[in-house]
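Okay, so here's the structure we're looking at.
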Amino acid sequence: MRQAHFKDLDRNVARARVLLSLLAMLSLYIDPTVAGGLFHLTGLALATLLCHLAYSLALYIALSRPIGVVRLPAISTALDLFFATAIAFLTEGQTSPSYVFFVFAIIAVGMRAGLRPTLQVTLCGVTLYLLVIAESDGLTSSYMMRAIYLAIAGYLIALLGQQRGEFEARMHELEVTAERHAIARSLHDGYVQALAGVNLRLETCRELLARGRAAEALAQLNELQRGVAREYDEVRGYIRSLAGVPASAPRDMPGAVNDPRLHFRASFTAHSLGGEQILQIMLEGLRNARRHAMANLVRINAWESEGKVQISIDDDGIGFAVAENPPWAIASRVAEFGGSMNINGKGSGGLAIEIPKV
């Protein structure tokens, strides 16, 4: 799964981290067993909690912006364990909130990764907590049970997270299978039957022409053309419904296929799969210009710039009716690779596309 797919989850975890920091600070502030008594915090503990709050806010702001730091989750995990260890060392005692910080670090990884990474973070947390016990004079061996409880909690979180992931994968597989069956039934009962009807009508036209009844054959062909146009609009609407985009107004099929001139220039390097998608984008742009824009000239250029592939598709046709509604087939391919696409204004037939090199 791509990094961008986890962005909403990472943002929610970052929001929970901010809330954890505030609640931990409040709990220590009203805890009468800490040094100084009720409504007191030591300077070092307060500074550590404020640093954790600043880190939590900075991480949340970073995840709210399209900065695309690939190693941000690994960095946040390391910092979560670091602050949990520091808080355990500075707030030693039975009411220390450090256990919650360790559990949060495990949960944050368990929601995002699988069984092995979660167990690795659990092992790191238990080891760090045992080091705090060993280096702290005020903690007795009885506190070692907290490390055992932390290990048990981490294992359960990892196990339940893995089971949840397998359950979601199974549910997704069942949903995909059901959707495939529904699509197959729709194609068989509707469009395959329509194609069979077209074949029979063509056979009828052939027989009429063989018997010299050209006028009747022409009437059959005209009716057949109107039927094909209706089926074309229905198939087009059905495909758009599968893609989850609004249906567009049907267009009359032209009597003759528009065949504009093409000016094509491309120079870039990419892996084969990524290059294939880029070529598909340019091909779809050419098809749209020919079928819908009624253009006479299409210009397609592709080049590399600052580690990205820039694609420019322009034509002299009627352009897009609404600049906010890009062609969905191209937009979906661009979005799949984390690129961007802009339409050069309402009534323009130009597309400016930028795709990271893949």
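The values are calculated or read from the model by the stated rules, or taken from the named source; none is laboratory data. Given the structure is predicted, the values throughout are model-derived calculations rather than measurements. Note that we place each Cβ from the backbone using ideal geometry, even for glycine, and neighbour counts take in every protein chain shown.
Is it the case that the range 155-178 has a residue that's among the charged types (D, E, K, R) and surrounded by 13 or more Cβ atoms within 10 Å (Cβ to Cβ)?
no
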Of the criteria (1) at pLDDT below 75; (2) closer than 30 Å to Ala182 by Cβ, which one Ser241 fails = (1)
inquiry  = Conditions first: (1) on the phi > 0 side of the Ramachandran plot; (2) crowded, with 17+ Cβ neighbours inside 10 Å. Glu306 passes all but one, so which condition is the exception?
reply    = (2)
Test for Ala215: is it farther than 30 Å from Pro327 by Cβ and either in the same structural domain as Pro327 (by TED's automatic domain parsing) or loosely packed, with under 11 Cβ neighbours inside 10 Å (or both) = yes
request  = Counting only residues that are over 30 Å from Asp233 (Cα atoms), of a type in the set (Ser, Thr, Tyr) and within 24 Å of the chain's Cα centre (by Cα), give me the helices (runs of 4 or more DSSP H) lying completely in the range 94-194 with at least 1 of them.
outcome  = 115-135
message = Cβ-Cβ distance below 6 Å, separation of 6 or more or different chains: which pairs start in the range 190-210 with a residue that is over 13 Å from Glu231 (Cβ atoms) and end on one that is modelled with pLDDT of 80 or more and of a type in the set (Asp, Glu)?
response = Leu208/Glu216
inquiry  = Any residue that is among the hydrophobic types (A, V, I, L, M, F, W, C), modelled with pLDDT of 90 or more and over 14 Å from Met25 (Cα atoms) - is there at least one of those in the range 130-139?
reply    = no
task = Considering only the range 272-310, state which residues are of a type in the set (Val, Ile, Thr) and more than 22 Å from the chain's Cα centre (by Cα).
result = Val298, Ile300
ask   = Which of the residues that make up the range 82-96 are crowded, with 19+ Cβ neighbours inside 10 Å and at pLDDT 80 or above?
value = Phe83, Ala84, Thr85, Ala86, Ile87, Ala88, Phe89, Leu90
When residues of the range 278-294 are limited to those that are part of a helix (DSSP H, G or I) and of a type in the set (Gly, Ala, Ser), the one farthest from Phe268 (Cα to Cα) = Ala289
ask   = For Leu273, are the conditions met, namely being part of a helix (DSSP H, G or I) and modelled with pLDDT under 80?
value = no
